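Have a look at the structure below, then the notes.
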Amino acid sequence: MNITAGKFKGQKVSAPDESITRPTLSKVRMGIFNTLQAMIDFEGASFLDMFSGSGIMALEALSRGFERVVAIEKHPKAAGIIRSNFKKFKNPPKLYTGDSLKLVPKMNEKFDIIYIDPPYFSGVYEQSLNAVKNTASGIVILEHVCEVDLYGWELVKQKKYGDKCITFLRVEVLHFTN
């Protein structure tokens, strides 16, 4: 895999075995960041990758100018590969190893962009959205199979890539009505 744009464009990134992770395709990464670029200024912004896999989304964010980038990965082998990938960069993203559903609610920081791409059919989308409701200060992006309930969040944009969807949610509207 290669970083698709920014100051590290073309830099190779290793990926864990596909039985462990499902790296986001380059055309999908480009689509995500092009959409984001129309929404926010990356300079000074923060990015959280909750289910990091190979770390490619965090590195794309770093390459494109996000000031603070954090990645979380639970699988020890994948986290080791991410660590190795991050060592290639000056001021790399911060890596936390552990369960993002437990770590994120304990973070005392806000993120402008939160990227959520858990294993498909894991059933953790609702838990992930609940975990970030106090940590998000801008846009939450879900990469998911297209049949997912958005749990009352404001839909900003949705793009379909084959059998998967990339959904942009606004977190300013977090109240639920009974």
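The values are calculated or read from the model by the stated rules, or taken from the named source; none is laboratory data. Predicted model, so just to flag it, every value in this text is computed and none were measured. For neighbour counting, all protein chains shown are included, and Cβ atoms are generated from backbone atoms with ideal geometry for every residue, glycine included.
The criterion of at least 2 residues that are touching a residue at least 12 places away in the same chain (Cβ under 8 Å), crowded, with 22+ Cβ neighbours inside 10 Å and over 12 Å from the mean Cα position of the chain (by Cα) is met by none of the strands (runs of 3 or more DSSP E) falling completely within the range 21-112.
For the range 113-160, taking the residues that are assigned to a loop (DSSP other than H, G, I, E, B) and of a type in the set (G, A, S), the one that is modelled with the lowest pLDDT is identified as G152.
Here P93, P16, P105 are screened, and the one residue that is under 21 Å from V124 (Cα atoms) and of a type outside the set (V, I, T) is P105.
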